[in-house]
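Asks: Provided herewith is a single structure, encoded as structure tokens, for subsequent inquiry.
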Amino acid sequence: MNRSSIDSELVKVGSDMNKILRRRSETLEIKRITRAACRESYTGGRYIEIGAYRGLARLEIFLDRYSGLIRHRFWYGFSSSNPNNVAQLNDLLSLTRLRRSSLHFTNRDVTRSEGFYRLRRELALKEFDRVVRESYGSAREYYLGVYSPYEVPLSRSDRGALAREASNFYLAIARLLGPKSEFRQTRVAAWRKPDRLMMRRIERAAVTATRRWLARRGYSVRSRESEICGYDLLASHPGRDSWHVEVKGTAGSFGHFILTPNENDAASADPRWRLAMVTHGLSRPSLRIFDLAKMKRTFSLTPTGWEANEL
């Protein structure tokens with residue numbers, strides 16, 4: 001890719017992200033940069049700064065060859081010259097389901113080839129869409145982010161999906177820090193205490209049933225359950241549009257589920273988002289697929305809590 005093509009891709013994704021962050025970060029201390037210029041990187045590509053959070057770290061997007069692959073790939077996340085700032089953000093992952101998926105790269109994992117820096121080995125497919133911590137002490141550069149598998153040039157739908165996933169990642173960590181307090185855990189309104197083990201069994205059964213249902217219809221399925229992207233499964237089909245499937249399950253015959261803010265945002269903004277509702281999950285699973293319009297016609301959506309921030 002030449003410089004103008006890289007810049008064009010970065011600016012489009014950055015513009016989409018700014019729209020999302022402007023709409024969803026009113027109570028968070030994210031300083032957005034609306035007209036940022038693309039800059040040269042030492043990683044075989046370019047990058048753009050989207051904003052900054054509380055002076056802790058910059059919000060950036062790279063499009064480069066640092067992953068070790070021949071084709072350019074996106075990276076999005078936080079960067080700082082202070083290792084303590086990135087360590088603080090990384091510690092917040094323990095409050096989410098992302099922590100168990102984190103990787104850590106250092107100077108030992110990097111080489112210089114063809115005039116730019118890259119990883120010594122190609123990033124494996126399973127290592128994309130996972131949180132990566134990078135510590136390069138000799139260059140005083142520290143990162144916490146995600147390598148994205150989307151290939152360029154991006155289609156319009158893939159660009160929208162990438163912008164939403166990157167924004168969700170930024171906002172998930174920013175919300176844990178909160179607007180005033182240093183660390184904060186959010187809590188949804190009171191509801192009867194669930195049986196955690198039973199809920200997990202139902203969830204696994206629902207995902208298994210959905211995978212089988214999709215496979216029988218010619219879809220290849222990749223899990224995105226450990227990411228903050230607003231859905232659980234990426235279902236790809238050679239002759240059809242891909243689906244971004246959120247899986248919900250119950251043990252009985254009555255459809256009931258909780259929709260998180262990220263899932264609701266994805267459902268509203270992503271035309272490829274689908275709900276897979278699995279009933280009788282622990283006996284004879286029965287599955288129905290819904291797009292947003294059908295879901296709203298079928299289910300009554302009721303808010304279960306409010307987030308309050310001190311003025």
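The values are calculated or read from the model by the stated rules, or taken from the named source; none is laboratory data. Note that the structure is predicted; figures quoted are calculated from it, not measured. Note that we place each Cβ from the backbone using ideal geometry, even for glycine, and neighbour counts take in every protein chain shown.
Asks: Go through the stretch 69-80 and give me each residue that's out of contact with any helix residue (DSSP H, G or I) (no Cβ under 9 Å at 6 or more places or on another chain) and closer than 15 Å to Y42 by Cβ.
Replies: W75
Asks: What residue, of R297, R272, is of a type outside the set (D, E) and within 16 Å of the chain's Cα centre (by Cα)?
Replies: On inspection, the qualifying residue turns out to be R272.
Asks: Identify all residues within the stretch 208-218 that are over 23 Å from A269 (Cα atoms) and not in a loop (DSSP other than H, G, I, E, B); write none if there are none.
Replies: Passing the criteria: T208, A209, R211, R212, W213, A215, R216.
Asks: Filter the stretch 190-216 down to the residues that are modelled with pLDDT of 90 or more and of a type in the set (V, I, T) and list them by number.
Replies: Matches in the stretch 190-216: V207, T208, T210.
Asks: Working carefully through the options R222, R175, R159, find the one that is closer than 25 Å to A269 by Cα, at pLDDT 90 or above and either in contact with a Ser or Thr (Cβ under 9 Å, 6 or more places away or on another chain) or β-branched (V, I, T) (or both).
Replies: From the options R222, R175, R159, the qualifying one is R222.
Asks: Tell me, which residue of the stretch 116-133 that is in a loop (DSSP other than H, G, I, E, B) and of a type in the set (D, E, K, R) is surrounded by the most Cβ atoms within 10 Å (Cβ to Cβ)?
Replies: D129
Asks: Sticking with this one: Pick from the stretch 130-143 the residues that are within 13 Å of the chain's Cα centre (by Cα) and aliphatic (A, V, I, L, M): which of them is modelled with the lowest pLDDT?
Replies: V131
Asks: Of the residues in the stretch 225-262, how many are surrounded by 17 or more Cβ atoms within 10 Å (Cβ to Cβ), among the β-branched types (V, I, T) and at pLDDT below 90?
Replies: Of the residues in that region, 2 qualify.
Asks: Identify the residue in the stretch 139-161 that is under 17 Å from N85 (Cα atoms) and out of contact with any strand residue (DSSP E or B) (no Cβ under 8 Å at 6 or more places or on another chain) and, among all such residues, is surrounded by the most Cβ atoms within 10 Å (Cβ to Cβ).
Replies: Looking at the filtered set, the residue picked out is A139.
Asks: Can you name the residue in the stretch 59-103 that is hydroxyl-bearing (S, T, Y) and out of contact with any Lys or Arg (no Cβ under 9 Å at 6 or more places or on another chain) and is also modelled with the lowest pLDDT among such residues?
Replies: Among them, the one singled out is T96.
Asks: Given the conditions (1) modelled with pLDDT under 90; (2) surrounded by fewer than 18 Cβ atoms within 10 Å (Cβ to Cβ), and given that P271 satisfies all but one, which numbered condition is not satisfied?
Replies: Only one criterion in (1) modelled with pLDDT under 90; (2) surrounded by fewer than 18 Cβ atoms within 10 Å (Cβ to Cβ) is unmet by P271, namely (1).
Asks: Output the residue which, of all residues in the stretch 24-58 that are at pLDDT below 90 and of a type in the set (G, A, S), is nearest to S135 (Cα to Cα).
Replies: Checked the stretch 24-58; the qualifying residue nearest to S135 (Cα to Cα) is A57.
Asks: Got a number for residues in the stretch 214-257 being within 22 Å of the chain's Cα centre (by Cα) and either on the phi > 0 side of the Ramachandran plot or among the acidic types (D, E) (or both)?
Replies: 6
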